[in-house]
Amino acid sequence: MGKRERSWEKLDNTANIFPVIASDQMTNTYRISCCLKELVNAEMLQEAVDLVTPRFPGFHVRLRRGVFWYYLEENHKPAPRVREEHAYPCRLIHTSRNNSYLFRVSYFRDRINLEVFHALADGVGAIGFLREIVYQYLRLAHEELRREGDGLSPETSLDREDAFLRNYRRAHKNQYKSGKAYLIRGRKLPADAMGVFHGYMSLGQIREVARNRYGVSINEYLIAAYVWAVYREDYHRLVRSGRPLRVAVPVNLRPFFASETTKNFFVMVSAEFLPQKEDYSFAEIAEMIHKSLRSQITRENLEAIFSYNVSNQDYLAARAVPLPLKNLAMRFIYNRTAAANTTTITNIGNISVEDKYRSYIRAFHCFLAFSRGQGLKATITSYQDTLVFSVSSRWEGTGIQRDIFRQIARDGIELALECNGGNE
């Protein structure tokens, strides 16, 4: 575990952009949820959040505006209030209404939700925080668990190093594809609304289909299902546009660079599909996605991507440049590159919990807020033998979502679907 040595810290390389572009329309907020096998007690959940928050230096902070950069400072206010969910998820976190914190905790029936502003941490960093809240809640709710005490789990990291800086080696050329991608269009849901589909399936079953039938990973299979669905639904628009359907895929860098940081530590690679003929099979698209991603996910290429990003920050660091001018530059760069991807699909991975808590937890799932040009995103989360493929949408239409899950069912994978009703 890490140790807090000072009351403030710099934002990591990736986090610097999020305060600059955040708005009610682009919140840069994501949600990770834990579904229990029992109804949530609000008072006990609040007590759990109150106990756990001060022990996490990476979450016990508020965002401050400096002369040259934003930074995080220790927050001396009480933890934010836990509330029953009453609105659509992933709304902008207004810190003035949230005791200055950059996360919120809510509940609905048997589900505990953690929503995080991306400047704090990526999904891997947030999982440890949510898991400890859930552990503490279960200890409060169940007499048989109280003897476990209130300490954090040995597997929980509090490391707050900027792993980008530690592993940065040298300047590299730009590795990103910045040409405009095909963008999905449609009739928007009302402001603040979000449609969410969760597809529950057997992890073992989807692994067998992906590997043995198509020769791809689970990640590649589900990305292919998304691409296939857009191809089928938007074929004529896609072909007329002449632009590729490009999927941004975040890659967790911790396994490649031996890091346990709870800050952001990921880079984006992209899977690209540009129709060159009239009729593709799903197998052909899966193979194209496989080849595209496998060639990019190497330690050398990943290092080159984030080294380019860090060198850009060093250049911008021109530390004498005041923050408002830096913000203008970063916003300009973001707006130029925002149309480079059709969507983002991220795999949070398999979430493990300690044996003594497993019988109380049914599932985990996660989803992302929209960003500029990306109104239909997806996430992959698994727990024990249950994988959840979640699709969040700002559009009224649900044709793409339904085609995704039809393809999965067509491959013989048993599915249970859940929808929030926001886009039916």
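Within segment 300-329, restricting attention to residues that are within 24 Å of residue 370 (Cα to Cα), open to solvent by 20 Å² or more (accessible area, probe 1.4 Å) and aliphatic (A, V, I, L, M), which residue is modelled with the lowest pLDDT? Looking at the filtered set, the residue picked out is 329. Hey, any hits in segment 281-298 for a residue that's of a type in the set (Ser, Thr, Tyr) and under 18 Å from residue 375 (Cα atoms)? No, segment 281-298 has no match at all. The residues of segment 272-288 that are under 20 Å from residue 217 (Cα atoms) and open to solvent by 30 Å² or more (accessible area, probe 1.4 Å), listed by number, are 272, 281, 283, 284, 287, 288. Do the conditions hold for residue 198, that is, is it within 19 Å of residue 392 (Cα to Cα), out of contact with any helix residue (DSSP H, G or I) (no Cβ under 8 Å at 6 or more places or on another chain), in contact (Cβ under 8 Å) with a residue 60 or more places away in the chain and not aromatic (Phe, Trp, Tyr)? Yes. Scanning segment 64-88 for residues that are closer than 18 Å to residue 36 by Cβ and either within 21 Å of the chain's Cα centre (by Cα) or among the basic types (Lys, Arg) (or both) yields 83, 85.
Among the numbered conditions (1) without any contact (Cβ under 8 Å) to a residue 60 or more places away in the chain; (2) surrounded by fewer than 18 Cβ atoms within 10 Å (Cβ to Cβ), the only one that residue 63 does not meet is (2).
To keep it simple, each residue is scored yes or no on (1) modelled with pLDDT under 95; (2) surrounded by fewer than 17 Cβ atoms within 10 Å (Cβ to Cβ); (3) among the charged types (D, E, K, R).
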| residue | (1), (2), (3) |
| --- | --- |
| 68 | yes, yes, no |
| 74 | no, yes, yes |
| 79 | no, no, no |
| 82 | no, no, no |
| 86 | yes, yes, no |
| 104 | no, no, yes |
| 111 | no, no, yes |
| 118 | no, no, no |
| 127 | no, no, no |
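Candidates 402, 406, 336: the one that is at pLDDT below 95, open to solvent by 20 Å² or more (accessible area, probe 1.4 Å) and assigned to a helix (DSSP H, G or I) is 336.
Among the residues of segment 94-129, those that are without any contact (Cβ under 8 Å) to a residue 40 or more places away in the chain and of a type in the set (Gly, Ala, Ser) comprise 96, 100, 106.
Scanning segment 25-82 for residues that are in contact with a strand residue (DSSP E or B) (Cβ under 7 Å, 6 or more places away or on another chain) and β-branched (Val, Ile, Thr) yields 29, 32, 40, 49, 61, 82.
Within segment 255-276, is there a residue that is farther than 26 Å from residue 128 by Cβ, within 23 Å of the chain's Cα centre (by Cα) and hydrophobic (A, V, I, L, M, F, W, C)? Checking segment 255-276: at least one residue is farther than 26 Å from residue 128 by Cβ, within 23 Å of the chain's Cα centre (by Cα) and hydrophobic (A, V, I, L, M, F, W, C). In segment 112-130, which residues are among the hydrophobic types (A, V, I, L, M, F, W, C) and within 21 Å of residue 363 (Cβ to Cβ)? Result: 112, 114, 116, 124, 126, 127, 129, 130. The requirement of being under 18 Å from the mean Cα position of the chain (by Cα), of a type in the set (Phe, Trp, Tyr), on the phi < 0 side of the Ramachandran plot and surrounded by 14 or more Cβ atoms within 10 Å (Cβ to Cβ) is fulfilled nowhere in segment 35-57; no residue meets it.
Take the conditions assigned to a helix (DSSP H, G or I), more than 26 Å from residue 202 (Cα to Cα) and charged (D, E, K, R) and apply them to residue 303. Does it pass? Yes; evaluated as a whole, the condition is true for this residue.
The values are calculated or read from the model by the stated rules, or taken from the named source; none is laboratory data. Please read all numbers here as calculations on a predicted model, not as lab measurements. Cβ: placed from backbone, ideal geometry, glycine included. Neighbour counts: every protein chain shown. Side chains are part of the model used for accessible areas, which takes the heavy atoms of the whole protein and leaves out ligands, DNA and RNA. Shrake-Rupley method; radii C 1.70, N 1.55, O 1.52, S 1.80 Å.
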